[in-house]
Amino acid sequence: APLPPQTFSWRFEGSTLRMEVPVDAAVLEGARQAPKTVLTRRQMSEAEWIPGYYRAFIDEPHQEPLYDALLANFRSLRETLGLDDDRYAELIVSWAQTLPYRTDPIDLEPKFPIQTVGDGDGDCDDKTLLAAALLAREGYDVSILLFGPEAHVTLGIRSNGPAYGGSGYALVET
């Protein structure tokens with residue numbers, strides 16, 4: 001049976017915004033069941049395997065209809081609100097930020113973005129992967145910033161202004 005659309009409501013620039021997003025039940029279940037481990041044929045440093053690991057969560061092709069539906073909603077809101085590029089990025093990030101922060105104490109692997117949307121919550125890596133997927137598809141230069149000692153993941157958006165540690169990316173908490 002198809003899932004009812006996920007409904008989201010959040011505050012942005014003094015207004016309450018709302019959107020409904022269809023979530024494909026089969027893709028959601030597939031994402032939940034998918035192994036989330038890395039298998040390599042040789043010893044690799046984290047710097048070698050981590051970028052591809054996170055990219056695999058974002059670029060899994062069965063999620064494209066979800067991204068299309070989310071971005072159709074965001075583009076409509078952008079037009080209605082008359083947002084420039086910076087404020088449009090803020091709109092997408094503000095939505096991800098309002099998803100409840102919830103960590104599964106047993107399953108610490110990242111969730112696919114469709115899981116984060118389907119569950120309506122996620123922890124730092126889940127919400128960062130979702131925001132990065134959407135912003136990248138809208139042409140923003142994004143980076144996923146991993147802070148190993150803190151076991152924390154956050155979003156970087158290319159910036160001409162202040163940037164984290166000379167990286168060229170503004171640090172954005174999701």
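The values are calculated or read from the model by the stated rules, or taken from the named source; none is laboratory data. Just so it is clear, the model here is predicted, and its values are computed rather than measured. Positions of Cβ are backbone-derived with ideal geometry, glycine not excepted, and every protein chain shown enters the neighbour counts. Side chains included, ligands, DNA and RNA excluded: accessible areas come from the protein's heavy atoms. Shrake-Rupley method; radii C 1.70, N 1.55, O 1.52, S 1.80 Å.
Total residues in region 131-145 satisfying the condition of being farther than 20 Å from TYR164 by Cβ and buried (at least 18 other Cβ atoms within 10 Å of the Cβ): the figure is 2.
In region 91-123, which residues are under 19 Å from TYR53 (Cβ atoms) and either open to solvent by 20 Å² or more (accessible area, probe 1.4 Å) or part of a loop (DSSP other than H, G, I, E, B) (or both)?
First pass over region 91-123, keeping only residues under 19 Å from TYR53 (Cβ atoms): 103-104, 107-116, 122-123.
Within region 91-123, THR103, ASP104, ASP107, LEU108, GLU109, PRO110, LYS111, PHE112, ASP123 qualify.
When you check SER143 against the structure, is it in contact with a Ser or Thr (Cβ under 8 Å, 6 or more places away or on another chain) and among the polar types (S, T, N, Q), yes or no? Outline the logic, then answer.
Details: in contact with a Ser or Thr (Cβ under 8 Å, 6 or more places away or on another chain): yes; among the polar types (S, T, N, Q): yes.
Considered against the rule, which asks whether it is in contact with a Ser or Thr (Cβ under 8 Å, 6 or more places away or on another chain) and among the polar types (S, T, N, Q), SER143 comes out as yes.
Condition (residue is out of contact with any strand residue (DSSP E or B) (no Cβ under 7 Å at 6 or more places or on another chain) and assigned to a strand (DSSP E or B)) applied to region 129-147: is it met by at least one residue? Yes, because at least one residue in region 129-147 is out of contact with any strand residue (DSSP E or B) (no Cβ under 7 Å at 6 or more places or on another chain) and assigned to a strand (DSSP E or B).
Yes/no per residue for (1) loosely packed, with under 15 Cβ neighbours inside 10 Å; (2) at pLDDT below 95; (3) in contact with a Lys or Arg (Cβ under 9 Å, 6 or more places away or on another chain); (4) over 21 Å from THR128 (Cβ atoms):
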{"site": "VAL21", "(1), (2), (3), (4)": "no, no, no, no"}
{"site": "THR40", "(1), (2), (3), (4)": "yes, yes, no, yes"}
{"site": "MET44", "(1), (2), (3), (4)": "yes, yes, no, yes"}
{"site": "GLY52", "(1), (2), (3), (4)": "yes, yes, no, no"}
{"site": "PRO65", "(1), (2), (3), (4)": "yes, no, no, yes"}
{"site": "ALA69", "(1), (2), (3), (4)": "no, no, no, no"}
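Of the residues making up region 76-90, those that are loosely packed, with under 14 Cβ neighbours inside 10 Å and either under 26 Å from TYR169 (Cα atoms) or not β-branched (Val, Ile, Thr) (or both) are SER76, GLU79, GLY82, ASP84, ASP85, ASP86. Scanning region 60-84 for residues that are without any contact (Cβ under 8 Å) to a residue 24 or more places away in the chain and assigned to a helix (DSSP H, G or I) yields PRO61, GLU64, ASP68, ALA72, ARG75, SER76, ARG78, GLU79, THR80. In region 155-168, the residue that is farthest from GLU48 (Cα to Cα) out of those that are at pLDDT 95 or above and open to solvent by less than 50 Å² (accessible area, probe 1.4 Å) is ILE157.
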